[in-house]
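One structure is given here, and the rest of the page talks about it.
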Amino acid sequence: MIFLAPATLGFVVFYIWPTLRGAYLSFTEYSLLEAPKFNGLDNYERMIHDSFFWNALGVTVEYVVINIGLQTVLAVAIAMLMYRLTKSITVRAAILLPYLVANVVVALVWYWMLDFQVGIVNQGLTWLGIDPIAFFGDSNWAIPTVAGINVWRHMGYTALLVFAGLQTIPSYVYEAAEVDGAGEMKTFWRITLPLLRPVLVMVLVVTMIGSFQVFDTIAVTTQGGPINSTRVIYYYIFERAFTRFDFGYASAMAMVLFAILAIVSLLQLRLLRAKESDLA
(Lines give C-alpha, C1' and ligand atoms only; values in the text may rest on other atoms or scores of the structure.)
Protein backbone atom coordinates (compact mmCIF):
# COMPACT_ATOMS: atom_id res chain seq x y z
CA MET A 1 0.00 0.00 0.00
CA ILE A 2 2.83 2.40 0.78
CA PHE A 3 4.37 1.90 -2.66
CA LEU A 4 0.99 2.37 -4.36
CA ALA A 5 0.21 5.56 -2.44
CA PRO A 6 2.11 8.04 -4.70
CA ALA A 7 0.53 6.61 -7.88
CA THR A 8 -2.91 6.52 -6.26
CA LEU A 9 -2.56 10.10 -5.06
CA GLY A 10 -1.50 11.25 -8.52
CA PHE A 11 -4.41 9.40 -10.13
CA VAL A 12 -6.91 10.99 -7.76
CA VAL A 13 -5.46 14.51 -8.08
CA PHE A 14 -4.91 14.55 -11.85
CA TYR A 15 -7.69 12.26 -13.10
CA ILE A 16 -10.51 11.59 -10.63
CA TRP A 17 -10.82 15.10 -9.20
CA PRO A 18 -10.70 16.91 -12.61
CA THR A 19 -13.34 14.49 -13.93
CA LEU A 20 -15.66 15.10 -10.98
CA ARG A 21 -15.02 18.85 -11.18
CA GLY A 22 -15.78 18.84 -14.91
CA ALA A 23 -18.98 16.89 -14.36
CA TYR A 24 -20.10 19.48 -11.80
CA LEU A 25 -19.20 22.44 -14.03
CA SER A 26 -21.16 20.92 -16.92
CA PHE A 27 -24.34 21.76 -14.98
CA THR A 28 -23.32 25.37 -14.37
CA GLU A 29 -22.80 28.68 -16.12
CA TYR A 30 -19.21 29.52 -15.31
CA SER A 31 -16.52 31.93 -16.43
CA LEU A 32 -13.38 33.15 -14.71
CA LEU A 33 -15.07 36.41 -13.78
CA GLU A 34 -17.80 34.95 -11.56
CA ALA A 35 -18.61 31.91 -9.45
CA PRO A 36 -20.34 28.91 -11.05
CA LYS A 37 -24.14 29.23 -11.23
CA PHE A 38 -26.17 26.04 -11.43
CA ASN A 39 -28.28 25.96 -14.61
CA GLY A 40 -29.37 22.30 -14.72
CA LEU A 41 -29.38 20.74 -18.18
CA ASP A 42 -29.21 24.04 -20.06
CA ASN A 43 -25.70 23.33 -21.40
CA TYR A 44 -26.74 19.94 -22.74
CA GLU A 45 -29.91 21.37 -24.30
CA ARG A 46 -27.79 24.10 -25.87
CA MET A 47 -25.49 21.45 -27.29
CA ILE A 48 -28.36 19.78 -29.13
CA HIS A 49 -29.05 23.00 -31.05
CA ASP A 50 -25.39 23.94 -31.58
CA SER A 51 -24.53 23.40 -35.26
CA PHE A 52 -20.82 23.99 -34.53
CA PHE A 53 -20.83 21.12 -32.05
CA TRP A 54 -22.36 18.70 -34.55
CA ASN A 55 -19.97 19.87 -37.26
CA ALA A 56 -17.04 19.33 -34.90
CA LEU A 57 -18.30 15.86 -34.02
CA GLY A 58 -18.70 14.99 -37.72
CA VAL A 59 -15.20 16.25 -38.55
CA THR A 60 -13.82 14.23 -35.65
CA VAL A 61 -15.52 11.04 -36.84
CA GLU A 62 -14.11 11.61 -40.34
CA TYR A 63 -10.63 12.02 -38.89
CA VAL A 64 -11.00 8.94 -36.68
CA VAL A 65 -12.08 6.74 -39.59
CA ILE A 66 -9.17 7.86 -41.81
CA ASN A 67 -6.60 7.71 -39.01
CA ILE A 68 -7.59 4.30 -37.64
CA GLY A 69 -8.01 2.75 -41.09
CA LEU A 70 -4.63 3.88 -42.46
CA GLN A 71 -2.72 3.40 -39.23
CA THR A 72 -3.98 -0.14 -38.60
CA VAL A 73 -3.39 -1.36 -42.15
CA LEU A 74 0.10 0.15 -42.36
CA ALA A 75 1.03 -1.04 -38.86
CA VAL A 76 0.01 -4.62 -39.61
CA ALA A 77 1.91 -4.52 -42.93
CA ILE A 78 5.07 -3.17 -41.27
CA ALA A 79 4.81 -5.69 -38.42
CA MET A 80 4.45 -8.56 -40.91
CA LEU A 81 7.48 -7.36 -42.87
CA MET A 82 9.54 -7.14 -39.67
CA TYR A 83 8.38 -10.58 -38.57
CA ARG A 84 9.09 -12.21 -41.94
CA LEU A 85 12.24 -10.38 -43.01
CA THR A 86 14.09 -9.12 -39.96
CA LYS A 87 13.84 -8.91 -36.18
CA SER A 88 16.72 -6.45 -35.89
CA ILE A 89 16.59 -4.13 -32.89
CA THR A 90 18.06 -1.38 -35.09
CA VAL A 91 15.13 -1.66 -37.48
CA ARG A 92 12.65 -1.54 -34.60
CA ALA A 93 14.35 1.59 -33.23
CA ALA A 94 14.25 3.29 -36.64
CA ILE A 95 10.56 2.53 -37.03
CA LEU A 96 9.85 3.90 -33.55
CA LEU A 97 11.80 7.17 -34.08
CA PRO A 98 8.86 9.31 -35.36
CA TYR A 99 6.86 8.41 -32.26
CA LEU A 100 9.65 9.71 -30.03
CA VAL A 101 9.48 13.18 -31.58
CA ALA A 102 7.09 15.62 -29.91
CA ASN A 103 3.78 15.94 -31.72
CA VAL A 104 4.14 19.71 -32.01
CA VAL A 105 7.55 19.34 -33.65
CA VAL A 106 6.19 16.76 -36.11
CA ALA A 107 3.27 19.04 -36.98
CA LEU A 108 5.57 22.03 -37.55
CA VAL A 109 7.96 20.08 -39.78
CA TRP A 110 5.13 18.71 -41.93
CA TYR A 111 3.48 22.14 -42.00
CA TRP A 112 6.62 23.57 -43.58
CA MET A 113 7.10 20.62 -45.91
CA LEU A 114 3.51 20.82 -47.18
CA ASP A 115 3.41 24.61 -47.50
CA PHE A 116 1.62 25.66 -50.69
CA GLN A 117 4.33 28.04 -51.91
CA VAL A 118 7.70 26.92 -50.55
CA GLY A 119 7.04 23.41 -49.20
CA ILE A 120 9.35 20.72 -50.55
CA VAL A 121 6.40 18.43 -51.32
CA ASN A 122 4.73 20.98 -53.59
CA GLN A 123 8.09 21.82 -55.13
CA GLY A 124 8.42 18.15 -56.02
CA LEU A 125 4.91 18.10 -57.48
CA THR A 126 5.76 21.15 -59.60
CA TRP A 127 8.86 19.44 -60.97
CA LEU A 128 6.65 16.52 -61.96
CA GLY A 129 4.28 18.84 -63.78
CA ILE A 130 1.53 18.60 -61.16
CA ASP A 131 -0.18 21.71 -59.81
CA PRO A 132 0.63 22.54 -56.16
CA ILE A 133 -1.92 21.34 -53.60
CA ALA A 134 -3.14 23.46 -50.70
CA PHE A 135 -2.88 20.62 -48.21
CA PHE A 136 -3.94 22.76 -45.25
CA GLY A 137 -5.90 25.40 -47.17
CA ASP A 138 -8.31 23.16 -49.07
CA SER A 139 -11.24 21.79 -47.06
CA ASN A 140 -11.12 18.56 -49.07
CA TRP A 141 -7.46 17.97 -48.24
CA ALA A 142 -7.15 19.37 -44.72
CA ILE A 143 -8.47 16.48 -42.59
CA PRO A 144 -6.80 13.71 -44.69
CA THR A 145 -3.54 15.67 -44.43
CA VAL A 146 -3.79 16.01 -40.64
CA ALA A 147 -4.65 12.31 -40.40
CA GLY A 148 -1.69 11.42 -42.62
CA ILE A 149 0.71 13.36 -40.38
CA ASN A 150 -0.51 11.58 -37.27
CA VAL A 151 -0.46 8.20 -39.03
CA TRP A 152 3.20 8.82 -39.96
CA ARG A 153 4.04 9.59 -36.33
CA HIS A 154 2.15 6.74 -34.66
CA MET A 155 2.26 3.82 -37.09
CA GLY A 156 5.72 2.69 -35.95
CA TYR A 157 4.60 2.40 -32.34
CA THR A 158 1.43 0.59 -33.39
CA ALA A 159 3.48 -1.73 -35.62
CA LEU A 160 5.67 -2.70 -32.67
CA LEU A 161 2.57 -3.61 -30.65
CA VAL A 162 1.35 -5.80 -33.50
CA PHE A 163 4.85 -7.25 -33.88
CA ALA A 164 4.82 -8.22 -30.21
CA GLY A 165 1.49 -9.94 -30.80
CA LEU A 166 2.92 -11.85 -33.76
CA GLN A 167 5.67 -13.25 -31.56
CA THR A 168 3.07 -14.84 -29.27
CA ILE A 169 1.69 -17.00 -32.11
CA PRO A 170 3.23 -20.51 -31.84
CA SER A 171 5.42 -21.54 -34.77
CA TYR A 172 3.76 -24.97 -34.96
CA VAL A 173 0.56 -23.31 -36.21
CA TYR A 174 2.40 -22.00 -39.27
CA GLU A 175 4.19 -25.32 -39.72
CA ALA A 176 0.83 -27.11 -39.80
CA ALA A 177 -0.50 -24.62 -42.33
CA GLU A 178 2.56 -25.11 -44.53
CA VAL A 179 2.10 -28.89 -44.43
CA ASP A 180 -1.53 -28.41 -45.49
CA GLY A 181 -0.34 -26.36 -48.47
CA ALA A 182 -1.72 -22.99 -47.34
CA GLY A 183 -0.23 -19.98 -49.14
CA GLU A 184 0.93 -16.70 -47.60
CA MET A 185 -2.35 -14.85 -48.08
CA LYS A 186 -4.49 -17.73 -46.87
CA THR A 187 -2.24 -18.19 -43.82
CA PHE A 188 -2.52 -14.49 -43.04
CA TRP A 189 -6.33 -14.34 -43.29
CA ARG A 190 -7.08 -17.71 -41.69
CA ILE A 191 -4.37 -17.91 -38.99
CA THR A 192 -2.40 -14.69 -38.36
CA LEU A 193 -5.27 -12.21 -38.32
CA PRO A 194 -7.62 -14.27 -36.09
CA LEU A 195 -4.83 -15.01 -33.60
CA LEU A 196 -3.88 -11.32 -33.54
CA ARG A 197 -7.41 -10.30 -32.57
CA PRO A 198 -6.74 -9.60 -28.85
CA VAL A 199 -3.78 -7.37 -29.75
CA LEU A 200 -5.67 -5.65 -32.57
CA VAL A 201 -8.60 -4.95 -30.24
CA MET A 202 -6.26 -3.22 -27.80
CA VAL A 203 -4.63 -1.29 -30.66
CA LEU A 204 -8.01 -0.21 -32.05
CA VAL A 205 -9.30 0.95 -28.66
CA VAL A 206 -6.14 2.93 -27.86
CA THR A 207 -6.01 4.41 -31.36
CA MET A 208 -9.69 5.33 -31.26
CA ILE A 209 -9.36 7.12 -27.92
CA GLY A 210 -6.27 8.98 -29.10
CA SER A 211 -7.90 9.91 -32.40
CA PHE A 212 -10.92 11.49 -30.70
CA GLN A 213 -8.50 13.58 -28.63
CA VAL A 214 -6.47 14.99 -31.52
CA PHE A 215 -5.47 18.57 -30.76
CA ASP A 216 -1.76 19.40 -31.19
CA THR A 217 -1.62 18.95 -34.95
CA ILE A 218 -4.78 21.00 -35.49
CA ALA A 219 -3.58 23.80 -33.20
CA VAL A 220 -0.21 24.05 -34.97
CA THR A 221 -1.38 23.77 -38.58
CA THR A 222 -4.98 24.78 -39.34
CA GLN A 223 -6.48 26.16 -36.11
CA GLY A 224 -9.78 24.59 -37.15
CA GLY A 225 -9.84 26.00 -40.69
CA PRO A 226 -10.46 26.33 -43.49
CA ILE A 227 -14.16 27.08 -42.86
CA ASN A 228 -14.31 24.81 -39.79
CA SER A 229 -13.31 21.78 -41.88
CA THR A 230 -10.72 20.72 -39.28
CA ARG A 231 -12.37 22.01 -36.11
CA VAL A 232 -12.47 18.72 -34.25
CA ILE A 233 -14.39 18.34 -31.00
CA TYR A 234 -11.30 18.62 -28.80
CA TYR A 235 -10.28 21.88 -30.46
CA TYR A 236 -13.85 23.24 -30.18
CA ILE A 237 -13.86 22.44 -26.45
CA PHE A 238 -10.54 24.26 -26.10
CA GLU A 239 -11.90 27.31 -27.94
CA ARG A 240 -15.01 27.49 -25.78
CA ALA A 241 -13.07 27.11 -22.55
CA PHE A 242 -9.91 29.16 -23.07
CA THR A 243 -10.86 31.62 -25.80
CA ARG A 244 -14.46 32.45 -24.87
CA PHE A 245 -14.16 31.43 -21.21
CA ASP A 246 -17.39 29.46 -21.45
CA PHE A 247 -16.22 26.77 -19.04
CA GLY A 248 -19.66 25.39 -18.20
CA TYR A 249 -20.54 24.64 -21.82
CA ALA A 250 -17.03 23.33 -22.55
CA SER A 251 -17.31 20.99 -19.56
CA ALA A 252 -20.63 19.68 -20.85
CA MET A 253 -19.07 18.89 -24.23
CA ALA A 254 -16.16 17.21 -22.48
CA MET A 255 -18.59 15.00 -20.55
CA VAL A 256 -20.35 14.04 -23.78
CA LEU A 257 -17.00 13.20 -25.35
CA PHE A 258 -16.12 11.09 -22.31
CA ALA A 259 -19.42 9.21 -22.63
CA ILE A 260 -18.86 8.62 -26.37
CA LEU A 261 -15.37 7.23 -25.76
CA ALA A 262 -16.58 4.96 -22.96
CA ILE A 263 -19.48 3.58 -25.00
CA VAL A 264 -17.47 3.04 -28.19
CA SER A 265 -14.61 1.40 -26.26
CA LEU A 266 -16.97 -0.98 -24.46
CA LEU A 267 -18.69 -1.86 -27.74
CA GLN A 268 -15.36 -2.60 -29.37
CA LEU A 269 -14.27 -4.81 -26.50
CA ARG A 270 -17.58 -6.67 -26.48
CA LEU A 271 -18.10 -7.10 -30.22
CA LEU A 272 -14.49 -8.05 -30.95
CA ARG A 273 -14.32 -10.46 -27.99
CA ALA A 274 -11.19 -8.91 -26.53
CA LYS A 275 -10.85 -11.43 -23.68
CA GLU A 276 -11.08 -14.50 -25.91
CA SER A 277 -8.36 -16.11 -28.00
CA ASP A 278 -8.78 -18.28 -31.08
CA LEU A 279 -5.67 -20.24 -30.09
CA ALA A 280 -7.47 -22.34 -27.48
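The values are calculated or read from the model by the stated rules, or taken from the named source; none is laboratory data. Owing to the predicted nature of the structure, the values given are computational and were not obtained by experimental measurement. Note that we place each Cβ from the backbone using ideal geometry, even for glycine, and neighbour counts take in every protein chain shown. Only protein heavy atoms, including side chains, enter the accessible area calculation; ligands, DNA and RNA are left aside. Shrake-Rupley method; radii C 1.70, N 1.55, O 1.52, S 1.80 Å.
Let me check against my output: what whole-number percent is the relative contact order of the range 55-272, with C-alpha pairs under 8 Å and at least 6 apart? With pairs under 8 Å counted, the relative contact order is 30 percent. About its Cα centre, the dipole of the chain is roughly 580 debye, where the only charges are +1 on Lys and Arg Cβ and -1 on Asp and Glu Cβ.
Restricting the trypsin sites (Lys or Arg not before Pro) of the range 1-100 to loop positions (DSSP other than H, G, I, E, B) with no more than 14 neighbouring Cβ atoms within 10 Å leaves LYS87.
Can you list the chymotrypsin sites (Phe, Trp or Tyr not before Pro) in the range 1-97 that are in a DSSP coil and have 16 or fewer other beta carbons within 10 angstrom? If you can, show how the numbers build up before the last one.
Numbers: sites: PHE3, PHE11, PHE14, TYR15, TYR24, PHE27, TYR30, PHE38, TYR44, PHE52, PHE53, TRP54, TYR63, TYR83; in loops: PHE3, PHE27.
Here the sparse-neighbourhood loop sites are PHE3.
Restricting the chymotrypsin sites (Phe, Trp or Tyr not before Pro) of the range 100-178 to loop positions (DSSP other than H, G, I, E, B) with no more than 14 neighbouring Cβ atoms within 10 Å leaves PHE116. Residue by residue, the range 171-184 carries 3J(HN,Hα) couplings of 5, 5, 5, 5, 5, 5, 5, 5, 5, 6, x, 6, x, 4 Hz when phi is fed to the Karplus relation 6.51 cos²θ - 1.76 cosθ + 1.60 (θ = phi - 60°); x denotes Gly or Pro. Axis angle, to the nearest 10 degrees, between helix 51-85 and the longest C-alpha principal axis of the chain: 20 degrees. For the range 89-99, backbone phi angles converted through the Karplus equation (6.51, -1.76, 1.60; θ = phi - 60°) give residue-by-residue couplings of 5, 4, 5, 4, 5, 5, 5, 7, 3, x, 5 Hz, Gly and Pro being listed as x.
Of the accessible area of the range 1-76, computed with a 1.4 Å probe over protein heavy atoms only, carbon and sulfur atoms account for 76 percent.
Given a 1.4 Å probe and the protein chains as shown, ILE263 ends up with an accessible area of around 100 Å².
Label-to-label distance for GLU184 and ALA262 is 4.6 nm, based on points extended 7 Å past Cα in the beta-carbon direction. Any idea what angle helix 197-212 forms with the longest principal axis of the chain, computed on alpha-carbon atoms, 0 to 90 degrees, nearest 10? Once rounded, the angle reads 30 degrees. Largest to smallest in accessible area, the residues MET202, MET208, MET155, MET185 fall in the order MET185, MET202, MET155, MET208 (1.4 Å probe, all protein chains included).
Relative to the longest principal axis of the Cα atoms of the chain, helix 103-113 runs at roughly 80 degrees. For the range 55-272, the solvent-accessible area of protein heavy atoms averages 51 Å² per residue (probe radius 1.4 Å; ligands and nucleic acids excluded).
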